[in-house]
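The values are calculated or read from the model by the stated rules, or taken from the named source; none is laboratory data. Given the structure is predicted, the values throughout are model-derived calculations rather than measurements. We place every Cβ from the backbone using ideal geometry, glycine too, and count neighbours over all the protein chains shown.
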Amino acid sequence: MKPTCISHQTTWKRHVSRAGERAVPEEVAIALTYNGGSYAVMMATPQDLEDFAYGFSLTEGIISSATDIQTFELIEQDLGIELRLWLTNNAGSAYVERRRRLAGPTGCGLCGIESLEEAVRSPRRIDRSITFRATDIMRALDALAPAQIMNQQTRAMHAAAFCRLDGSLVTLREDVGRHNALDKLAGALARNATKAAEGFVVITSRVSVEMVQKAAAIGVPLIVAVSAPTALAVRMAEQAGITLACVARSDGFEVFSHSEGIEPATDSLVA
């Protein structure tokens with residue numbers, strides 16, 4: 001299934017209409033199953049779905065590394081796509097125990113006290129060993145838009161990119177959903193054995209608490225975002241040891257947590 005399609009449309013400009021076409025992203029139901037059992041159904045762009053399966057599994061805490069997945073299958077169906085994952089024995093046992101714990105006494109799945117605890121679960125604490133320069137963050141921002149191929153076509157896609165310490169862009173993934181884009185990136189890094197702790201992530205959205213939790217799960221020390229964070233995201237980033245550089249534009253950005261993660265400069269880019 002292609003990630004985009006051509007849609008017929010009518011453009012209105014200055015009281016004049018004109019028939020035309022535009023590329024628009026596909027949005028498909030994606031079902032994730034583990035060891036034969038259903039876990040979740042997400043709406044996503046049907047591209048880089050193996051990365052999505054690995055990344056979602058990592059950021060959800062279902063696996064701890066890519067090697068915990070024994071086999072992967074992508075099955076296209078009439079109503080959507082099923083991503084079938086079979087876990088190794090140890091990972092499978094841990095997954096069964098996790099599902100049993102989350103079900104709780106009511107037996108209704110993610111609900112009640114358990115789901116509240118899971119929603120604001122304590123993030124993995126990042127072991128900070130490097131700092132970043134503002135000039136390198138700006139270099140990464142400059143490289144972001146040209147690398148968003150599908151967004152150039154549709155103007156409707158989020159992106160998550162991983163950059164090295166010097167700001168060079170390594171990997172970028174796109175999706176109609178911001179969480180999905182970050183999960184796809186996480187999966188790509190894991191499958192390529194790229195250490196997330198040795199660089200930073202740039203995202204084209206606001207920073208919600210889930211985005212911080214996902215970044216913490218893969219060990220990212222710095223999140224750069226084009227929009228602002230939520231208050232809970234800032235608190236979660238403080239707890240996780242993650243630096244948040246948000247409202248990032250061509251002329252600078254704002255740091256909301258762990259500002260020590262960015263080296264001070266004589267001519268600061270941050271107001």
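Let's see how each residue does on (1) under 24 Å from Glu97 (Cβ atoms); (2) free of Cβ contacts under 8 Å to residues at least 12 places away in the same chain:
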{"site": "Lys13", "(1), (2)": "no, yes"}
{"site": "Arg18", "(1), (2)": "no, yes"}
{"site": "Glu27", "(1), (2)": "no, no"}
{"site": "Leu49", "(1), (2)": "no, no"}
{"site": "Ala53", "(1), (2)": "yes, no"}
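Has the stretch 33-42 got any residue that is within 22 Å of the chain's Cα centre (by Cα) and more than 30 Å from Ala94 (Cα to Cα)? There is no residue in the stretch 33-42 that is within 22 Å of the chain's Cα centre (by Cα) and more than 30 Å from Ala94 (Cα to Cα).
Of Asp68, Asp48, all but one fail to be within 18 Å of the chain's Cα centre (by Cα) and closer than 14 Å to Ala190 by Cβ; the exception is Asp48.
The residue that is surrounded by the most Cβ atoms within 10 Å (Cβ to Cβ), counting only those in the stretch 1-37 that are touching a helix residue (DSSP H, G or I) at 6+ places or on another chain (Cβ under 9 Å) and either over 30 Å from Ile63 (Cα atoms) or small (Gly, Ala, Ser) (or both), is Thr4.
Exactly one residue out of Ala245, Ala240 is in contact with a Pro (Cβ under 6 Å, 6 or more places away or on another chain) and touching a residue at least 40 places away in the same chain (Cβ under 8 Å), and it is Ala240.
On the basis of being surrounded by fewer than 20 Cβ atoms within 10 Å (Cβ to Cβ) and among the charged types (D, E, K, R), does Arg173 make the cut? No: the conditions fail for Arg173. Per the listing Gly177, Gly199, Gly219, Gly167, the residue uniquely touching a Pro at 6+ places or on another chain (Cβ under 9 Å), of a type outside the set (A, V, I, L, M) and modelled with pLDDT of 95 or more is Gly199.
Looking only at residues that are in a loop (DSSP other than H, G, I, E, B) and among the hydrophobic types (A, V, I, L, M, F, W, C) in the stretch 231-269, which one is nearest to the chain's Cα centre (by Cα)? The qualifying residue nearest to the chain's Cα centre (by Cα) is Ile242. Quick one: would you say Gly55 is within 28 Å of Thr154 (Cα to Cα), modelled with pLDDT of 95 or more and out of contact with any strand residue (DSSP E or B) (no Cβ under 8 Å at 6 or more places or on another chain)? When the stated conditions are applied, Gly55 passes them. Taken over the stretch 208-223, the criterion of being surrounded by 19 or more Cβ atoms within 10 Å (Cβ to Cβ) and either more than 20 Å from Asp127 (Cβ to Cβ) or not β-branched (Val, Ile, Thr) (or both) is satisfied by Val209, Met211, Gln213, Lys214, Ala215, Ala216, Ala217, Pro221, Leu222.
Any residue in the stretch 130-141 that is modelled with pLDDT under 95 and out of contact with any helix residue (DSSP H, G or I) (no Cβ under 7 Å at 6 or more places or on another chain)? Yes, the stretch 130-141 contains a residue that is modelled with pLDDT under 95 and out of contact with any helix residue (DSSP H, G or I) (no Cβ under 7 Å at 6 or more places or on another chain).
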